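Data block below; observations after.
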Ligand SMILES: Cc1ncc(COP(=O)(O)O)c(C=O)c1O
């Protein structure tokens, strides 16, 4: 047993690196978290940080919320685990009703439990294949659906997610996600949407018969793909195409659901689009391992047990945590809070865009932002500047990471106070000033694009 003193971030990491696989952490900063409260993290040195990552959008209700900790503690004292694969437990039974009622799907809805966003997406694929009797799955470039074979077969955001691990699953096809950086200078929004929809249709017209496709799976607002919303008209066209061809329309709400965008579900930012299936995880139980695939009753009843059971999925403690999480989101009006504070954040980043020529496009959907960092000379993605900025922010007491190398990922806990948010703005602006003045010396390769 090793003994650590405070001031041990680096020492703990060095020791841990002897035993932790390189595949298991995307390297950013030397940070070992000791505790968290609301939007504030404290490391093992006692240094405090404002958290703008919220455990990758898994702690929307903040760190160690007292109501949730209380629910977990009480349930742990009653029953820690009995597998829902065989017998029911009270919190999971209550949650299944509450969550299906909350879903954006009309009519009778059912769900099945999982332990992670990844296995929820695997389950989604199983149910889609089971219901339609078709095998193919269409998803989007830039998508992150998870790290199991099914979910990674549907993903396309990092070469390291498939490198040396293939072959991935058969029957998975990718179409380009209409991210704004693919728009050509001469195109207006409608022309861009038309071209992207033509590209969407191309596989269906040339080598993927639509009547053999079970499901189109999409993050309506991509998370790791850059916090970027599909244009509404584009997704409407995809939705209509799915309906015309008997293809299920499924949404991955693992990252963007649970109030992140100022609505319960990100698909609610697209009025009239109702998914057949959806996956939920991360903040569902405030970061405890719980996920769900939720869908129309007839789809969810198309498979029989044990088609999708896991010993610990729908565990009494995680589902009690989830019930308490839903209470907090409702009682503390976190959807409204995400919306309102998101407007303040948008205003701040727009000001930074006007002030610093390396701050490019600003996208904000509630407390959910992607801010492009670009080379001022050619407006192309600039990973080096983005890396220096987050490194300086970290030194100054803000935890923020990048996605796709050059995009600042802004996803604070939804309970962040106004004061904390404005402190974070001050620190971010300071980091940007330091970058402009050429004061940041950092050239290590970190993050998603490190290799
Ligand atoms: C959109 C999306 N889907 C699925 C997943 C996978 O979730 P998990 O890491 O809990 O397996 C993630 C994780 O980042 C995600 O962002």
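Estimated purely from DSSP H runs of n ≥ 4, each contributing -39500 (n - 2.57), the mean residue ellipticity at 222 nm for the chain is -11500 deg cm²/dmol once divided by its residues. Taking 20 Å as the cut-off, the amide N atoms of the range 280-316 that come nearer than this to a point 7 Å along the Cα-to-beta-carbon line of residue 98 belong to 280-295, 313-316. With kT/(6 pi eta Rh) evaluated at 25 °C and eta = 0.890 mPa s, and Rh the Kirkwood radius from Cα pairs, the range 68-331 diffuses with a coefficient of 130 µm²/s according to Stokes-Einstein.
Say R0 is 51 Å: what FRET efficiency, to the nearest 0.05, do residue 20 and residue 417 get from their beta-carbon distance? Intermediate values should be presented prior to the final figure.
Numbers: r = 34 Å, r/R0 = 0.67.
The calculated FRET efficiency here is 0.90.
For the pair residue 307 and residue 243, what calculated FRET efficiency results from E = 1/(1 + (r/R0)^6), where r is the Cβ-Cβ distance and R0 = 25 Å, to the nearest 0.05?
Numbers: r = 26 Å, r/R0 = 1.04.
That pair, residue 243 with residue 307, gives E of 0.45.
Full extension of the chain segment joining residue 298 with residue 42 gains 87.4 nm, where the gain is 0.36 nm per residue of separation less the Cα-Cα distance.
A simple spin-label model places the labels of residue 380 and residue 86 6.0 nm from each other, with each point 7 Å out along Cα-to-Cβ. Taking the centroid of alpha carbons for each part, the range 108-152 and the range 317-334 are 25 Å apart. If the chain linking residue 433 and residue 160 were pulled fully straight, counting 0.36 nm for each residue of separation and taking away their Cα-Cα distance, it would gain 94.9 nm.
The residue 73 and residue 182 beta-carbon pair, evaluated with R₀ = 41 Å, returns a calculated FRET efficiency of approximately 0.25.
Using alpha-carbon pairs under 8 Å, 6+ residues apart, how would you state the relative contact order of the range 68-331 in percent? Each step should come with its number before you reach the end.
On the way: 487 pairs, mean separation 86.0, N = 264.
It comes to 33 percent, rounded to a whole number.
Subtracting the Cα-Cα distance of residue 232 and residue 351 from 0.36 nm times their residue separation leaves 40.2 nm of extension gain.
Every number here is computed from the coordinates shown, using simple stated rules; none is lab data. Nothing here was measured: the structure is a model prediction, and the numbers come from that model. Positions of Cβ are generated from backbone atoms using ideal geometry, with glycine treated the same way; all protein chains shown enter the neighbour counts.
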